[in-house]
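Take a look at the structure set out below.
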Ligand code: AMP
């Protein structure tokens, strides 16, 4: 094993997570992979002083003690369902087929047992090679997974690197020169660097494909097949997807061996901790409705979803004009701009992020209080992923959708998927009534509901301020440049 180093890891301290219910303190035990003799300067992240806190709720999963210490540092005390189900089997070397959304703790469900596996033996890593390869669809997600490996592996001698497009390749190539334990990558840049012989994946022992359905949506299927074709046949593979269409199943079958199948929540079920509602509003009044919500109700971190990049930019400008400072994040922004916007949002300056769906899955920001769907998404599953940005890991959140006449069919598709009607904050137009309440009023399932002739439903025909009586009065209304330092 090469000398310990932080590899490409940045010098930022690990992100503090929510739920800081620290596990019981124990006297220091030097364990499997622990860094008892490692100089402080070489550790990946600052380690809190005092006796180590062990996440005792994880003790029965068979993880190395240094991982329990990291979990104690994170303030995790109990494994999430996917962690309880997956970790013991992955520790045993089993392939995994996981159906899980972000927000369920799935990153730790694969990162922890894989770090454990890597600690079991520590062969010397050859230049440009990695032992674990994680493929993720977006740069943001790749960066977050990388950060998670750094946090969970902070008491282990892990070298890690992350590579993605949109930024120069020089640093990434340099990070890979000596080889790393963990490489997290997006497919395009990975293939690029492999083609230039700057990365070599022939030594991969553990392979993770995260958000496979998203990868397929984004057209990465050929790239992934190419990558998988270069991997050694003898490896452990973990495959994660939020949804399981037939295409994903056959894709998974082609690369997994006798996998354990783990499903956390029924397909496309949003977190129960998110209170969901809809406001029916004419298109022309969406902007003022949004501004009202931001001024009078939506406190804390808010993500506003726009369907298009252009729309996101315009909305950001409009909010700024209205004195509501917001950042925008979408695929046309440079990597540096995206990182800046995300970092600013994480520090709640500004507390409003206008995002397109590229950001829907990848953003792991604790404490997103509100998700506002300014536009309803085309795919109903995307709704579930969007609102999953709040209500993470058991926290409560609020999702409000602004629905105009042209979006009724999208709302109906979402409600079909959820198998329930969203709470309406104002009068629900007849065309948006569920089949049970209005038989004969709409065509059969699958037809373009909402393409109803005649005048628009009442709810859209007059300006109605959203009823926000069910929301707690906002003691910290903010309008003009907000002088918020809270976080
Ligand atoms: P993920 O599904 O991997 O995106 O994780 C969602 C969020 O849950 C992240 O912010 C994690 O830090 C957090 N998390 C993961 N596992 C736990 C746990 N066992 N206890 C508390 N928080 C957790």
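The values are calculated or read from the model by the stated rules, or taken from the named source; none is laboratory data. What you see is a predicted model, and the numbers here were worked out from it, not measured in a lab. Counting neighbours? That spans all protein chains shown, and the Cβs are built from the backbone with ideal geometry, glycine included.
Select from segment 252-286 the residues that are at pLDDT below 90, surrounded by fewer than 15 Cβ atoms within 10 Å (Cβ to Cβ) and assigned to a strand (DSSP E or B) and list them in ascending order. Once the filter is applied, which keeps residues that are at pLDDT below 90, surrounded by fewer than 15 Cβ atoms within 10 Å (Cβ to Cβ) and assigned to a strand (DSSP E or B), segment 252-286 yields only 263. The single condition from (1) touching a helix residue (DSSP H, G or I) at 6+ places or on another chain (Cβ under 6 Å); (2) away from the ligand (no atom under 13 Å from the Cβ) that residue 148 fails is (2). In segment 58-87, the residues that are under 19 Å from residue 157 (Cβ atoms) form Cβ pairs under 6 Å with partners that are within 12 Å of the ligand (Cβ to nearest atom) and in a helix (DSSP H, G or I), at six or more places apart or across chains, as follows: 63/112; 67/112; 68/58; 70/152; 71/58. Evaluating residue 314 against the criteria (1) at pLDDT below 90; (2) in a helix (DSSP H, G or I) leaves one unmet condition, (1).
Residue 402 passes every criterion in (1) at pLDDT 85 or above; (2) assigned to a helix (DSSP H, G or I) apart from (2). No other residue among 382, 423, 398 is more than 16 Å from the ligand (Cβ to nearest atom) and free of Cβ contacts under 8 Å to residues at least 40 places away in the same chain apart from 382.
Highlighted here are the helices (runs of 4 or more DSSP H) found entirely within segment 130-204 that include at least 1 residues which are under 24 Å from the mean Cα position of the chain (by Cα) and closer than 19 Å to residue 239 by Cα: 139-152, 187-195. Only one of the numbered conditions (1) within 25 Å of residue 397 (Cβ to Cβ); (2) within 25 Å of the chain's Cα centre (by Cα) is not met by residue 286, and that is (2).
Applying the criterion of being farther than 12 Å from residue 262 by Cα and not in a loop (DSSP other than H, G, I, E, B) to the residues of segment 89-107, the residue that is nearest to the ligand (Cβ to nearest atom) is 107.
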